[in-house]
Amino acid sequence: MGKIAINFYTEDVSYTLKHKRGIRQWIYDAIIAEGYQLGELSFIFCSDEYLLAINQQYLNHDTYTDVITFDNSEELKTITGDIFISIQRIQENAKTFKSSTFQELCRVMIHGTLHLLGYPDKTKAAKIVMTQKEDHFLLLNTYLA
């Protein structure tokens, strides 16, 4: 198999993702398990302020958030997208939920990926399904064991 087209970038923060190769494979495996193919996926780690500006500019939301997903897919059952993640928000949420920054980051990375796979989270019922899917794939992440 060739290189998996999942890339990691940073904007205005200094953050180094641990286990890049393994995380890339884990996300790829989740995509395949859901019956999709991977086009190209970019994770962009940034600050609260950077993500707030994106939220304001593109979604007309004036709130801080941990993740914003842009679906750039053009082919059916092939996902291509950009997932922006606030490292500051992840660190805060990790404290709130008493988990590690790495564990919270993995949850948010799979959350954004699940959005690209067609899972919404706007209703209570949809949030339950989303959380179940997150938990399922987090259990498959050997780096969280």
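Read the figures in this text as sums done on the coordinates, not as results from a lab. In this text the structure is predicted, and so the values were computed from the model without any measurement. As a convention, Cβ positions derive from the backbone with ideal geometry for all residues, glycine included, and neighbour counts pool all protein chains shown.
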Test item: Cα-centred dipole of the chain, Lys/Arg +1 and Asp/Glu -1 on Cβ, debye: 560 debye
Where labels lie 7 Å past Cα in the beta-carbon direction, separation of Tyr64 and Leu139 in nm: 3.3 nm
Among 115-121, 29-35, the order from most to least packed when residues are scored by Cβ within 10 Å on average: 115-121, 29-35
Gyration tensor (alpha-carbon) shape descriptor, the range 1-87, a/c threshold 1.5: oblate
Set Lys77/Lys98; Lys3/Lys122; Lys95/Lys133; Lys20/Lys124; Lys3/Lys95; Lys18/Lys133 screened for pairs whose C-alpha atoms are more than 26 Å apart: Lys77/Lys98; Lys3/Lys122; Lys20/Lys124; Lys3/Lys95
Using alpha carbons only: equivalent-ellipsoid semi-axes of the chain, gyration tensor based, whole Å: 21, 18, 17
Estimated [θ] at 222 nm from DSSP helical runs (n ≥ 4, -39500 (n - 2.57)) normalised by residues in the chain, nearest 500: -15000 deg cm²/dmol
FRET efficiency for Gln25 and Thr123, using Cβ-Cβ distance with R0 set to 35 Å, rounded to 0.05: 0.65
Residues Gln91 and Ala53, FRET efficiency given R0 of 25 Å [Cβ-Cβ distance, rounded to 0.05]: 0.85
